[in-house]
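The structure appears below as structure tokens.
Every read-out reported here was derived from the displayed coordinates using simple, explicitly stated rules and does not represent laboratory data. All of these numbers come straight from a predicted model, not from anything done at the bench. Don't worry about glycine lacking a Cβ; one is built from the backbone with ideal geometry, like all the others, and counts go over all protein chains shown.
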Amino acid sequence: MTTLPLSRSGKEALDVAATVARKAGEILKAHFREDRQVQYKGRANIVTDMDLRVENSLKSLLQSEYPDHSIFSEESEPISGDSDYAWILDPLDGTNNYSFGIPFFSTVITLTKGEDVLLGIVYDPLRDELFSARKGKGAFLNNHPISVSRKTTVQESLIGLDLGYVDEKGKK
């Protein structure tokens with residue numbers, strides 16, 4: 001069993017990640033459907049003022065609890081830490097949806113140690129759904145265990161797919 005690192009305040013990493021994700025969600029929810037400042041990083045790939053605001057909040061909160069951990073985030077340069085632990089963040093997964101007022105977006109937080117993924121959090125603030133998983137402990141939705149579908153054929157399944165990014169290699 002993998003032991004998760006304790007924070008400065010004595011909390012386990014999964015609890016810290018959940019708290020931090022919920023705080024990010026509060027910010028996103030409070031400003032949902034407001035006018036956005038949008039920058040284009042590429043074709044169909046945008047970053048908004050809320051991506052940056054939430055990213056800064058996440059990084060600040062995580063650094064205060066784990067000052068020796070590295071932090072990698074979608075919108076800014078990485079923060080290098082002195083330990084093998086690294087947080088990987090997508091502060092606003094679903095930026096296009098958010099910027100157009102479509103209510104499907106989340107905050108994503110992952111903790112790794114070297115190449116080993118230790119935990120993951122996906123928080124949807126509009127539905128107050130916190131998906132969490134910890135290595136060796138399973139996956140949960142709002143602290144209730146969840147599992148993969150028992151469906152065995154495509155005919156029995158529903159698949160959601162976003163083709164928002166245009167990949168030149170994929171066109172060939």
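Things to note:
- Whether the range 84-152 is rounded, prolate or oblate, judged on the alpha carbon gyration tensor where a/c under 1.5 counts as rounded: oblate
- Sorted by Cβ density within 10 Å, fewest first, the residues 150, 36, 8, 134: 150, 8, 36, 134
- Charge sum, other residues only, whose C-beta stays under 11 Å from residue 103's C-beta, Lys/Arg counted +1 and Asp/Glu -1: +2
- Each 10 Å bin from zero holds the following percent of Cα-Cα pairs in the range 9-68: 20, 43, 26, 11, 0.
- Over the range 13-171, Cα pairs under 8 Å with separation of 6+ residues give a relative contact order of 18 percent.
- Taking 37 °C and 0.692 mPa s as conditions, the chain diffuses translationally at an estimated 189 µm²/s according to Stokes-Einstein applied to its Kirkwood radius (Cα pairs).
- Reported to the nearest whole Å, the Cα centre-to-centre distance from the range 38-109 to the range 1-27 is 16.
- Only helices enter the 222 nm calculation for the chain: every DSSP H run of n ≥ 4 contributes -39,500 (n - 2.57), and dividing by all residues gives -7500 deg cm²/dmol, rounded to 500.
- Full extension of the segment from residue 9 to residue 100, taken as 0.36 nm per residue of separation minus the current Cα-Cα distance, would add 29.0 nm.
- Mean-square fluctuations from a GNM of the chain, with a 10 angstrom spring cutoff on Cα atoms, peak among 112, 48, 152 at 152.
- Here the residues 109, 102, 46, ranked from fewest to most Cβ neighbours within 10 Å of their Cβ, fall in the order 102, 46, 109.
- Peptides 78-91, 10-23 ordered by packing proxy, namely the average of other Cβ atoms within 10 Å per residue, highest first: 10-23, 78-91.
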